[in-house]
Amino acid sequence: MKYVKTNDGSISAYNDKYDDYYHSQKDGAILETLYKHIIPSFSIVDKTSLKILDICFGLGYNSLFTLAYAKKFNINVEIFSPEKDILLLDGLRNFKYPKILYNYLDINNILHSITQSKKYNQSNLSLYVFKGDASIYLQQFKDGFFDIIYQDAFSPSKNNELWSESHFRELYRILHNDGVITTYSSSSFVRKNAFLCGFFVFNMKYFKLKQGSIFTKQDIDIKNIENIILNKIDRLN
Ligand SMILES: C[S@@+](CC[C@H](N)C(=O)[O-])C[C@H]1O[C@@H](n2cnc3c(N)ncnc32)[C@H](O)[C@@H]1O
């Protein structure tokens, strides 16, 4: 694995085995995490208590920024995240996360907890990490369990099993009726697979960021949601 600095100044990495990056170099790891996953999903599912699936843990940006965001806005979150690269999880204690995360969270304590006991619990914030294959992990969850799913595997051409029609069928089963899936991918292969499983498919594009997708089980007023997203981004800056 090779560390790389992304365009927003945050550090991400390149994975030799998959020949792929953990985040878009152009958008940046922080902006991808906040603008493609956290803010859109928290804008669509407006609840004070959320169950979130982060596929997959990787460098932990999605899960850790979600804990920080939930802490800032006093939202209860339970995050469930599979990751099959066991060595990666153990190596993260030396990883240089963006400074802002340390303002909200005791990152060293969280990393220590999840590498030792695969879970972290602190008042209204919980994170459960599973070391193993995501497809097997998903089978244990009951229908409609998750409010939010971050679909964040490597790109479809490199990590095909986590973008297949059967994968989206399983996501459809475990997503709540009012829930949402966010992804950086805008590939027609991915959108078609989601659509074939019954999802409504929406384009996600703002500022100069690359376009991503939103999948829901119910139709939503996407124009209204975009305004809410832009408002939340404004408030965060
Ligand atoms: C793009 S990275 C995830 C980035 C991460 N969400 C973050 O915020 O840093 C994709 C991750 O998926 C993991 N992965 C790929 N296929 C998997 C599978 N079938 N089961 C579990 N993890 C998998 C890889 O090891 C890699 O860490």
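At a glance:
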read-out: Breaking point among (1) more than 15 Å from the chain's Cα centre (by Cα); (2) in contact (Cβ under 8 Å) with a residue 60 or more places away in the chain, for V180; value: (1)
read-out: Residue check for Y22: open to solvent by 10 Å² or more (accessible area, probe 1.4 Å), closer than 23 Å to I233 by Cβ and more than 10 Å from the ligand (Cβ to nearest atom); value: no
read-out: Residue that is nearest to the ligand (Cβ to nearest atom), among those in the range 135-194 that are out of contact with any Phe, Trp or Tyr (no Cβ under 6 Å at 6 or more places or on another chain), open to solvent by 10 Å² or more (accessible area, probe 1.4 Å) and of a type in the set (F, W, Y); value: Y184
read-out: Scan of the range 90-99 for residues that are free of Cβ contacts under 8 Å to residues at least 60 places away in the same chain and more than 12 Å from the ligand (Cβ to nearest atom), ordered by number; value: D90, R93, N94, K99
read-out: Residues satisfying the stated conditions in the range 64-89, i.e. within 13 Å of the ligand (Cβ to nearest atom) and surrounded by fewer than 12 Cβ atoms within 10 Å (Cβ to Cβ); value: I86, L87
read-out: Check on N103, open to solvent by 20 Å² or more (accessible area, probe 1.4 Å), away from the ligand (no atom under 13 Å from the Cβ), in a loop (DSSP other than H, G, I, E, B) and not acidic (D, E); value: no
read-out: Conditions (1) open to solvent by 10 Å² or more (accessible area, probe 1.4 Å); (2) touching a residue at least 12 places away in the same chain (Cβ under 8 Å); (3) not acidic (D, E); number of the one not met by I39; value: (1)
read-out: Within the range 207-237, tally of residues that are open to solvent by 30 Å² or more (accessible area, probe 1.4 Å) and not basic (K, R); value: 16
read-out: Sole exception among (1) touching a Gly at 6+ places or on another chain (Cβ under 9 Å); (2) closer than 25 Å to S135 by Cβ; (3) surrounded by 18 or more Cβ atoms within 10 Å (Cβ to Cβ) for G58, by number; value: (1)
read-out: All positions within the range 121-134 that are surrounded by 13 or more Cβ atoms within 10 Å (Cβ to Cβ) and either among the basic types (K, R) or without any contact (Cβ under 8 Å) to a residue 24 or more places away in the chain (or both); value: Q122, K131
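The values are calculated or read from the model by the stated rules, or taken from the named source; none is laboratory data. What you see is a predicted model, and the numbers here were worked out from it, not measured in a lab. Every residue, glycine as well, gets a Cβ built from its backbone with ideal geometry; the counts of neighbours run over all protein chains shown. In case anyone asks, the SASA skips ligands and DNA or RNA and just uses the protein heavy atoms, side chains included. Shrake-Rupley method; radii C 1.70, N 1.55, O 1.52, S 1.80 Å.
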